[in-house]
1. Is it true that E71 is open to solvent by 10 Å² or more (accessible area, probe 1.4 Å), out of contact with any Lys or Arg (no Cβ under 7 Å at 6 or more places or on another chain), of a type outside the set (V, I, T) and closer than 17 Å to P150 by Cβ?
2. Can you tell me which residue in segment 219-260 is nearest to A188 (Cα to Cα), limited to those that are open to solvent by less than 60 Å² (accessible area, probe 1.4 Å) and among the basic types (K, R)?
3. Would you be able to say whether some residue in segment 186-193 is in contact (Cβ under 8 Å) with a residue 12 or more places away in the chain, at positive phi, assigned to a loop (DSSP other than H, G, I, E, B) and open to solvent by less than 10 Å² (accessible area, probe 1.4 Å)?
4. Count, please, the residues in segment 177-218 that happen to be acidic (D, E) and in contact with a helix residue (DSSP H, G or I) (Cβ under 6 Å, 6 or more places away or on another chain).
5. When segment 75-87 is examined, which residues are found to be open to solvent by less than 30 Å² (accessible area, probe 1.4 Å) and among the acidic types (D, E)?
6. Yes or no: segment 131-145 includes at least one residue that is in a loop (DSSP other than H, G, I, E, B) and modelled with pLDDT under 95.
7. For segment 101-127, which positions are touching a residue at least 12 places away in the same chain (Cβ under 8 Å) and out of contact with any Ser or Thr (no Cβ under 8 Å at 6 or more places or on another chain)?
8. Taking segment 88-115, which residues are polar (S, T, N, Q), within 19 Å of A186 (Cα to Cα) and open to solvent by 30 Å² or more (accessible area, probe 1.4 Å)?
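The values are calculated or read from the model by the stated rules, or taken from the named source; none is laboratory data. Remember, predicted model here, so these are calculated numbers, not experimental data. Neighbour counts run over all protein chains shown; Cβ positions are idealised from the backbone, glycine included. Only protein heavy atoms, including side chains, enter the accessible area calculation; ligands, DNA and RNA are left aside. Shrake-Rupley method; radii C 1.70, N 1.55, O 1.52, S 1.80 Å.
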Amino acid sequence: MRERTWKIGKRVFDVSRHGLIMGVLNVTPDSFSDGGEFLAADRATERGIQMAAEGADIIDVGGESTHPGSEPIIVGEELQRVIPVIENLHRKLDVPISIDTSKADVARAAIQAGASIVNDVTGGRGDDQMLPLVAETKSAFIIMHMQGTPRTMQIRPRYTDVVAEISKFFRQQYARAIGLNIDPMAIAFDPGIGFGKTLEHNLEVLAQLERLREHDRALVVGVSRKSFLGKVIGSPEIRDRLIPGLALTSLLRARGADVFRVHDVRENVYALQITEAILQRTK
């Protein structure tokens, strides 16, 4: 396997040897699976510390829900939710912190508070100042693909070739980023499972994940607790999505995914460990 690395601040992670678990910390009242559970800064901080203890390599803090049909919130409200949590975690932990936002003003404040990764569901399209900010602050950057906006993305999403169209988007945004002097080693790509995609689109993307590898950059996948899992297994219960999500962590690691954005950290750490123990013996 060719070496793949991801530069996050002063650290360089060899993701070709060891995948990374990114723990999801939603500081929101309305996220689809844990809305309101960690809205208070102290509760969110405790959860972030717990995720790090369970083996999370990255803590991804988000203050605005992006589930289908969700509405955007103002910058001030998003800042009030995420900045105290990021400041607390930065003081207490030695793992990278990611800010899940599409607003450059929120990203800037989060970086000042201690975040070193910007995870943008719009891939840099939602705010003209986002890419220049990433370049200025030398942050790591996750370019995610989404058709439409969270409010509209699941209203009849259509593609001619979903994998080819995502790949084209990655190439375009990568070129924009490099043109602004963003370090190519700091860039990762996320195909945006569930963001403007039907069940069939999601399955097609996952089946052809390696086709989405651009410029040997890290691939991030987020399938944890998502509704397409329930559709496949025929259950509407969110708790039933854990096992199929773990199956995908193992399968997608074997197929080239590098970073796994998950809610259930400990279980996914174990799934990744056993998968990599086997993969290391097949090289």
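1. Numbers: open to solvent by 10 Å² or more (accessible area, probe 1.4 Å): yes; out of contact with any Lys or Arg (no Cβ under 7 Å at 6 or more places or on another chain): no; of a type outside the set (V, I, T): yes; closer than 17 Å to P150 by Cβ: yes.
For E71, the condition - open to solvent by 10 Å² or more (accessible area, probe 1.4 Å), out of contact with any Lys or Arg (no Cβ under 7 Å at 6 or more places or on another chain), of a type outside the set (V, I, T) and closer than 17 Å to P150 by Cβ - is not met.
2. R253
3. Of the residues in segment 186-193, the ones in contact (Cβ under 8 Å) with a residue 12 or more places away in the chain are 186-193.
With the extra rule that they be at positive phi, the set shrinks to 192.
In the following step, the residues that additionally are assigned to a loop (DSSP other than H, G, I, E, B) were identified as 192.
Still in the running and open to solvent by less than 10 Å² (accessible area, probe 1.4 Å): 192.
Yes, some residue in segment 186-193 is in contact (Cβ under 8 Å) with a residue 12 or more places away in the chain, at positive phi, assigned to a loop (DSSP other than H, G, I, E, B) and open to solvent by less than 10 Å² (accessible area, probe 1.4 Å).
4. Applying the first criterion (acidic (D, E)) to segment 177-218 yields 183, 190, 200, 204, 210, 214, 216.
Still in the list and also in contact with a helix residue (DSSP H, G or I) (Cβ under 6 Å, 6 or more places away or on another chain): 204, 214.
Of the residues in that region, 2 qualify.
5. Answer for segment 75-87, where residues must be open to solvent by less than 30 Å² (accessible area, probe 1.4 Å) and among the acidic types (D, E): just E78.
6. Within segment 131-145, the subset in a loop (DSSP other than H, G, I, E, B) is 138-139, 145.
From what's left, modelled with pLDDT under 95: none.
For segment 131-145, residues in a loop (DSSP other than H, G, I, E, B) and modelled with pLDDT under 95: absent.
7. At the first step, the residues of segment 101-127 found to be touching a residue at least 12 places away in the same chain (Cβ under 8 Å) are 101-111, 113-127.
Correct list: T101, K103, A104, D105, V106, A109, A113, G114, G123, G124, R125.
8. Step one: list which residues in segment 88-115 are polar (S, T, N, Q), which gives 88, 98, 101-102, 112.
Those left that are additionally within 19 Å of A186 (Cα to Cα): 98, 101-102, 112.
If the condition is that a residue be polar (S, T, N, Q), within 19 Å of A186 (Cα to Cα) and open to solvent by 30 Å² or more (accessible area, probe 1.4 Å), then Q112 is the only one that fits.
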